[in-house]
């Protein structure tokens, strides 16, 4: 009987999260240029060294060919893709 009384609070605690209402965050509408990518579109075709990351007001992610990246969507993040020679090939938000 004593053993059952010790297990009962543990079972109750494990079941508690299922009773709580879960709030799921839904992203707002995607705007085409939340990160300011249009202002950096002129860098496509130029060397990566021309990009001054410290001057960018939004978060920046520089992606090399075949690099691993997270799949989280951030409207405010500027993504810069470049090729093996270090030439910028694409600039976009996400």
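Cβ-Cβ contacts under 7 Å between residues 6 or more apart (or on different chains), taken from a first residue in the stretch 73-94 that is at positive phi and free of Cβ contacts under 8 Å to residues at least 60 places away in the same chain to a second residue that is surrounded by 14 or more Cβ atoms within 10 Å (Cβ to Cβ) and not in a strand (DSSP E or B), are listed as 86/48; 94/74; 94/77.
Scanning the stretch 65-86 for residues that are in contact with a strand residue (DSSP E or B) (Cβ under 7 Å, 6 or more places away or on another chain) and exposed (fewer than 14 other Cβ atoms within 10 Å of the Cβ), we see that the one that is nearest to residue 35 (Cα to Cα) is 69. Only residues in the stretch 33-62 that are on the phi > 0 side of the Ramachandran plot and touching a residue at least 24 places away in the same chain (Cβ under 8 Å) count as the first member; pair them with residues that are assigned to a loop (DSSP other than H, G, I, E, B) and surrounded by 10 or more Cβ atoms within 10 Å (Cβ to Cβ), Cβ under 7 angstrom, at least 6 apart or cross-chain, and list the lot. From residues that are on the phi > 0 side of the Ramachandran plot and touching a residue at least 24 places away in the same chain (Cβ under 8 Å), the pairs are 36/57; 36/58.
All of the numbers you see were taken from the coordinates with simple rules; none came from a lab. Since we're looking at a predicted model, the values are computed, not measured. Cβ atoms come from the backbone with ideal geometry, glycine included; neighbour counts cover every protein chain shown.
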